[in-house]
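*Asks:* Take this structure first; my questions come after.
The values are calculated or read from the model by the stated rules, or taken from the named source; none is laboratory data. Everything numeric in this text was worked out from a predicted model, so none of it was measured. Neighbour counts are summed over all protein chains in view; Cβ atoms, including those assigned to glycine, are modelled from backbone coordinates with ideal geometry. To get the accessible areas, we keep the full protein, side chains included, count just its heavy atoms, and leave off ligands, DNA and RNA. Shrake-Rupley method; radii C 1.70, N 1.55, O 1.52, S 1.80 Å.
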Amino acid sequence: MIPVEWILLALSPVFLGLVAFEWWYGLRLRRHWYRWRDTLANAVLALMHQAGELLALLVLMPFYWWLHQYRLFEIPLNGYTLVLAFVLQDFLYYWFHRASHHIRWFWASHIVHHSSRELNLSTAFRQSLMYPVSGMWLFWLPMMLLGFSPWLVLAVVSLNLAFQFFVHTQAIQHLGWLEWVLNTPSHHRVHHACNAKYIDKNFAGVLIVWDRLFGTFQPEDQTEPCRYGITTNFQSNNPLVITFDEWRLMWLDWQQAPDWRSRWAVLSGAPAKAEALLTVPAEKELQPAETSECMDEKKEKSLT
């Protein structure tokens, strides 16, 4: 089995070439899809993420193999079981992704990916160093207990993430009948949008059918263009600030919680509930043109 981290590394030249092409294509269309500071931050975050994943594997692989000895079935590797593994992992990815938007502990890592107000192919690189800490790996354990080899599970995880690189773009509009089955650029633009009607929609990795089945699907509305980012006035291109700011805020809320029940709610509650309690003095330091469009939308709604 090919070492799983090599799958994404081997595809890196393809990813970088397409980023360069999208940047050039956007300039031809006079579309400002890229800001160099944002793109540089994405690249550094990708390197941090990959380093963190490699270190986490040193700890987790022995645990995966220990757990695998208690598997329920002996699942051979063939074409049928490979397809089954891919579909099952995509199903589990949907629930990981949905949890990452509804449970603050997971959101503290996932917010990194949503914190840019740009959407382009380099946004796919914008990942958190802290995923092993928040527990993304927990969602793949059922597959190992069923009988899938840990190497196979991690390989299909890598393939799933590789596919998702291609949906982070504004250059492709709609893909016809594929929109009914696959996560497409149009569906994923909705997921990254912070417009009220688009928040917490389209959690799919590869197959959009999970969103259609579980009531989280939202098509892109041409009358309401997507605005990207998060609904606070977060402003930074520093990879360390991007990575740890939500953890810092969560720790402050934990310290201020009056009892253990409230502390548990800080970790397991919805991010939006915590956001309503935050005071962000940095907002005063920003010029009006720099504040988040989604934050402006929230203010307008609060006045109506």
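*Asks:* How large is the accessible surface of Ile230 in square angstrom, using a 1.4 angstrom probe and rounding to the nearest 10?
*Replies:* Per-residue accessible area (Ile230): approximately 20 Å².
*Asks:* Now, a different point. Taking R0 as 25 Å, what FRET efficiency do you get between Arg31 and Glu179 from their Cβ-Cβ distance, rounded to the nearest 0.05? Intermediate results must be reported in sequence, preceding the final value.
*Replies:* Values: r = 22 Å, r/R0 = 0.89.
Efficiency at R0 = 25 Å is approximately 0.65.
*Asks:* Another question, if that's okay. Which value, in Å², gives the accessible area per residue of the chain when a 1.4 Å probe is used on the protein heavy atoms?
*Replies:* Values: 16060 Å² over 304 residues.
On a per-residue basis, the chain sits at 53 Å².
*Asks:* Next question, about the same structure. At Ser236 and Gln164, where each label point lies 7 Å from the Cα along Cα→Cβ, what is the point-to-point distance in nanometres?
*Replies:* 2.2
*Asks:* Can you put Glu246, Glu74 in order of accessible area, largest first, using a 1.4 Å probe? Provide the component values of the computation, followed by the final result.
*Replies:* On the way: Glu246 20, Glu74 140 Å².
Output order, biggest surface exposure first: Glu74, Glu246.
*Asks:* Expressed as a whole percentage, what fraction of the accessible surface of the chain belongs to carbon and sulfur atoms when a 1.4 Å probe is rolled over the protein heavy atoms?
*Replies:* Numbers: 10970 of 16060 Å².
That share works out to 68 percent.
*Asks:* Highest mean first, what order results for 186-198, 118-130 on Cβ atoms within 10 Å? Present the calculation step by step, with values, prior to reporting the outcome.
*Replies:* Working: 186-198: 20.5, 118-130: 23.3.
Highest mean packing first, the order is 118-130, 186-198.
*Asks:* Right, next: Grab the beta carbon distance between Arg212 and Glu74, set R0 = 45 Å, and tell me the FRET efficiency rounded to 0.05.
*Replies:* Values: r = 34 Å, r/R0 = 0.75.
FRET efficiency, Arg212 to Glu74: 0.85.
*Asks:* Counting Lys and Arg as +1 and Asp and Glu as -1, each charge on the Cβ, what is the dipole of the chain about the Cα centre in debye, to the nearest 20?
*Replies:* Numbers: 23 positive and 25 negative charges, 17 e Å.
Around 80 debye, computed over the chain.
*Asks:* Order Trp95, Trp247 by their accessible area, 1.4 angstrom probe, all chains in place, largest first.
*Replies:* Details: Trp95 90, Trp247 35 Å².
Result of the area sort, largest leading: Trp95, Trp247.
*Asks:* In addition: How far apart, in nanometres, would the label points at Lys197 and Ala43 be if each is projected 7 angstrom from Cα along the Cα-to-Cβ direction?
*Replies:* Roughly 3.8 nm, to one decimal.
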